[in-house]
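Enquirer: Here it is, the structure in full.
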Amino acid sequence: MKKKIFQSIAITSIIFVTIAYLLCAFFFYNDISKNIRLTLKTETNALAKYYNEDPSVFLETKFYSDSRITLINTDGNVLYDSQYDSNSLINHSNRPEFVDAVKFGSAERTRYSDTLNETTYYYALRLNDGSVLRLSTIANSALTIMIPSIVPIMFILIIVFIVCLIVARFLTRKIIDPINHLNLDIPLANDTYPELKPLLENLNYHNKIRKEFSANVSHELKTPLTSISGYAEIMANNLQGDNTQEFSQKIVDESKHLLRTIEDIIKLSKLDEGTVQLDYDQINYQEVLHQVLRSLSDYANLNGITLVDNSVPVTGRAVSQIIYEIFYNLIQNAIKYNTRNGHVWIDMKERGKFVEITIKDDGIGINDIDKERIFERFFRSDKSHSSQIEGTGLGLAIVKHGVEFHHGTIVVDDYLNHGSKFTIKLKR
């Protein structure tokens, strides 16, 4: 990260310095070109005045100027040229600057000169006798003026580059040091950038969840292990008396509970890591639902719960095993947290490209305080009942991850003391 920040600042600085240099050079060149054209125009006006006073004297005068001076008569023939023999030059009647000067009185052009084989600035002025005085200078003269300043400018540019690298290194260290010294165990105790506050709050929340998870998983695993160890120790010391069968059954029950907890933790870990090695198939959601209802029918009868199936056949691509787990955990919870002689209603229908599943009960409901946390691992809603109701507290966490695995959504509507409703939407 430190290297990337340094490179980003250094490259950005160098790019901006380079752009600034090129812009300055561009404006400097334009300014020089503008001054050259202005000088050319001023010089042309001065020579035109001199010519208008006495044309014969003008033709006999030898001019010392960096500009090329050309005098053209009304027919376009060259009468005088300061750099070339006028007799060797072709007729200029078709030259744009000559045509415009005759027509408008003056003209300014930049074009490629066939005589000089270079891009040239031209300024032409119509004289009193109708002839045209034209002065020209090559465009490269602007570059010629700039060349002496290129070396010191490049030297300054190199120094600026070095300064940019030093500043980039300093800024990188200043930016990274507070991040390197963050206390991740107590995120909210850090005094750092305001932009990091949401990250630290999120980290603090997950630290809290992780600690709760560690405490809960330790408790959930320790409780059945303690029970198993206690009964086994009694039997090992032959202190069970006539309770051998009872103690053996207790060990079997606690072992099954422990195994279920471990299996649920493994399921969640696989869903979290995305390592579930299962393929999507075209399934009939209603068939999977009926499998779950058959598995839970005895449990529902034992608790006096009526299962009301209002589903219709719906097909779609999904992982059958995960859909089974979603149905099983939601319906089992609806039975578990219901009242005696209560009901569980299961609705399933097509909603365009989605399948919508609703599982509603008329049980004890969910506290508003607990609503946001019911999908957390080992969280048990309604603490007054949780000690009496068997479960690992992982069922809804598995449901949530199973829905997310299928890129679906789950919404909870609770009616405290009047039941809960879970609505799932999955892409078909």
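Enquirer: Among the residues of the range 298-320, how many are assigned to a helix (DSSP H, G or I) and surrounded by 13 or more Cβ atoms within 10 Å (Cβ to Cβ)?
Expert: 3
Enquirer: Collect the residues in the range 67-91 that are in a strand (DSSP E or B) and open to solvent by less than 30 Å² (accessible area, probe 1.4 Å), keeping them in residue-number order.
Expert: Arg68, Ile69, Thr70, Leu71, Ile72, Val78, Asp81
Enquirer: Another question, then. Scan the range 321-342 residue by residue and report those that are part of a loop (DSSP other than H, G, I, E, B) and either at negative phi or of a type in the set (Val, Ile, Thr) (or both).
Expert: Residues satisfying the conditions are Tyr337, Asn338, Thr339, Arg340, Gly342.
Enquirer: Quick one: in the range 43-64, which of the residues that are among the hydrophobic types (A, V, I, L, M, F, W, C) and assigned to a helix (DSSP H, G or I) is modelled with the lowest pLDDT?
Expert: Selected residue: Leu59.
Enquirer: Contact list please: Cβ distance under 7 Å, first residue in the range 238-262 and within 23 Å of Gly395 (Cα to Cα) and open to solvent by less than 100 Å² (accessible area, probe 1.4 Å), second residue assigned to a helix (DSSP H, G or I) and modelled with pLDDT of 75 or more, pairs at least six apart or on different chains.
Expert: Glu254/Ser227; Glu254/Ile228; Ser255/Ile228; Leu258/Leu225
Enquirer: Conditions: (1) out of contact with any helix residue (DSSP H, G or I) (no Cβ under 9 Å at 6 or more places or on another chain); (2) under 14 Å from Arg126 (Cα atoms); (3) surrounded by 16 or more Cβ atoms within 10 Å (Cβ to Cβ). Asn45 meets all but one. Number of the miss?
Expert: (3)
Enquirer: Give Leu135, Leu71 a once-over and let me know the one that is out of contact with any Pro (no Cβ under 7 Å at 6 or more places or on another chain), within 28 Å of Phe28 (Cα to Cα) and among the hydrophobic types (A, V, I, L, M, F, W, C).
Expert: Leu135
Enquirer: Let me ask something additional. Only residues in the range 353-373 that are within 17 Å of Lys400 (Cα to Cα) and without any contact (Cβ under 8 Å) to a residue 40 or more places away in the chain count as the first member; pair them with residues that are assigned to a loop (DSSP other than H, G, I, E, B) and of a type outside the set (Gly, Ala, Ser), Cβ under 9 angstrom, at least 6 apart or cross-chain, and list the lot.
Expert: So the pair list comes out as Asp370/Phe379; Asp370/Arg380; Asp370/Asp382; Arg373/Phe379.
Enquirer: Looking only at the range 32-42, filter to residues that are open to solvent by less than 80 Å² (accessible area, probe 1.4 Å) and modelled with pLDDT of 80 or more; which one of those is nearest to Arg134 (Cα to Cα)?
Expert: The extreme case among them is Leu40.
Enquirer: Right, something else. Which ones in the range 66-86 are out of contact with any strand residue (DSSP E or B) (no Cβ under 6 Å at 6 or more places or on another chain) and β-branched (Val, Ile, Thr)?
Expert: The answer is Thr74, and nothing else.
The values are calculated or read from the model by the stated rules, or taken from the named source; none is laboratory data. Quick caveat, the model's predicted, so the values are computed rather than measured. Reconstructed Cβ throughout: ideal geometry from the backbone, glycine too, with neighbour counts over all protein chains shown. Remember, those area values only see protein heavy atoms, side chains included, never the ligands or the DNA or RNA. Shrake-Rupley method; radii C 1.70, N 1.55, O 1.52, S 1.80 Å.
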